[in-house]
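Reviewing the structure listed below.
The values are calculated or read from the model by the stated rules, or taken from the named source; none is laboratory data. As the structure is a computational prediction, the values presented were derived from the model and not from experiment. Here the Cβ positions follow ideal geometry from the backbone for every residue, glycine too, while neighbour counts run over all protein chains shown. Please note that ligands, DNA and RNA were not included when accessible areas were found on the heavy atoms of the full protein model with its side chains. Shrake-Rupley method; radii C 1.70, N 1.55, O 1.52, S 1.80 Å.
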Amino acid sequence: MLSSRVTRLKESATLKMMERAKALEARGVRVISLDVGEPDFPTPREVVDAAYRAMLEGYTHYTPSKGLPELRRAIVEKLRRDNGIDVTADQVLVTPGAKQALFYLFMALLDEGDEVIIATPAWPSYWEMVSVAGGVVKEAPPSDGYGLNLEAIEGLVTDRTKAIVVNSPNNPSGAVFSREDMEGLVELASRRKLIVISDEIYEKILYEGTHVSPASLPGGEETVVVVNGFSKTFAMTGWRLGYLAGPRQIVDAATKLQQHSATCAPAFAQRAAAELLPQADRLARPMVEEFRRRRDFIVSALRSLGFRLEPPRGAFYVFPELPDSEPDSTAFVERALEAGVSMTDGKPFGGFSRNVRISYANSLENLREAMERLSGVLKR
Ligand SMILES: Cc1ncc(COP(=O)(O)O)c(C=O)c1O
């Protein structure tokens, strides 16, 4: 009855863990959830007020498929100001979340059997989206410290390769790719005529280093599509708002997919986002500072338990290597869950069977309690 396209689709690893945690809670076990990729802060009040005003003003209908003109203009400004990217409003498509933007891109770029190189470790949804679009994933392992491994990427390029996916700041490792690596990536993509899909959703959640968008580099204009959104920076996961920007031909193809599926992103959310974008840094700063405190805590707590990790430079995850006493990530994640701490197995991020992903988008108090519980798991 079901299509092969959907039959080969795997369930989301993080959402599955969340459901298992909820089932345990229903049995009376208090689970500390370190699996979710979402800020625990409320959406800033100013943004909520702006959406409320927008609804009263009538932003409650369809908008143009590409997005409200004022939001697309604000995105063009933002890309110029923050990233040094030069695009026109026609090269921007506003979508219901970055996830939807990525989905459109794979659908727009891939024919059956086309290959996509994913720089790992990476967010598991990329694999499933590529598969639904009929593509085949090639996994490029990282260089030391979870950096971009250009040699491995180049070694995977064939005449079926269409795109390379990179995500910096990275989910799950927190790595931030250097300017030299991004330059090398754009040079490679230009030379081999490939599209770079650059997922920059954690751009503003940055503790050290500089975020360099490959779209801003020489040659990036023709080869890079930037995907970004509002979920992570502004604690707006439930608003469903993201965007993509890049070569006109690709943006127009993605727009056709949106016209025949979502139609547009929510109107009042778009209107509020147009107001908040110029103030992005001010609104994000308190949240980023709190994430930094949690990062510092969790890195030292995990190290003292025998995990191996370097402090992540961005995003709100750590991707530590397990202590030597723990041979397998799946088994460890199971035991941690039994002890009331849910986290995500490293395997769906590109086959990392000695790593787990821990989200520190949770209060310091809960993180402390979770580390005590993990200490108990390791002693057993
Ligand atoms: C790397 C990455 N890209 C995209 C998304 C999706 O973001 P959105 O809520 O805008 O769809 C996530 C969310 O977990 C993510 O981790």
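Tabulated data for the structure shown
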| read-out | value |
| --- | --- |
| Test result for GLU365, in a helix (DSSP H, G or I), under 16 Å from LEU305 (Cβ atoms), without any contact (Cβ under 8 Å) to a residue 60 or more places away in the chain and open to solvent by 10 Å² or more (accessible area, probe 1.4 Å) | no |
| Residue within segment 36-45 that is of a type in the set (Gly, Ala, Ser), assigned by TED's automatic domain parsing to the domain that holds SER363, at pLDDT below 95 and at positive phi present | no |
| Restricting segment 53-97 to residues that are within 18 Å of the chain's Cα centre (by Cα) and open to solvent by 10 Å² or more (accessible area, probe 1.4 Å), the residue that is nearest to ALA245 (Cα to Cα) | ASN83 |
| Every residue from segment 195-249 that is open to solvent by 20 Å² or more (accessible area, probe 1.4 Å), in contact with a strand residue (DSSP E or B) (Cβ under 6 Å, 6 or more places away or on another chain) and within 16 Å of the ligand (Cβ to nearest atom) | LEU206 |
| Helices (runs of 4 or more DSSP H) contained in segment 225-323 and holding at least 1 residues more than 22 Å from ALA54 (Cα to Cα) and in contact with a helix residue (DSSP H, G or I) (Cβ under 8 Å, 6 or more places away or on another chain) | 248-259, 280-304 |
| Residue that is away from the ligand (no atom under 14 Å from the Cβ), modelled with pLDDT of 95 or more and in contact with a Phe, Trp or Tyr (Cβ under 7 Å, 6 or more places away or on another chain), where the choices are ALA133, ALA74 | ALA133 |
| Single match in ALA50, ALA21 (criterion: open to solvent by less than 20 Å² (accessible area, probe 1.4 Å), modelled with pLDDT under 95 and under 22 Å from SER231 (Cβ atoms)) | ALA21 |
| Options GLY346, GLY340: the member that is in contact with a Ser or Thr (Cβ under 6 Å, 6 or more places away or on another chain), buried (at least 18 other Cβ atoms within 10 Å of the Cβ) and in contact (Cβ under 8 Å) with a residue 24 or more places away in the chain | GLY346 |
| When residues of segment 142-194 are limited to those that are of a type in the set (Asp, Glu) and closer than 27 Å to PHE291 by Cβ, the one surrounded by the most Cβ atoms within 10 Å (Cβ to Cβ) | ASP181 |
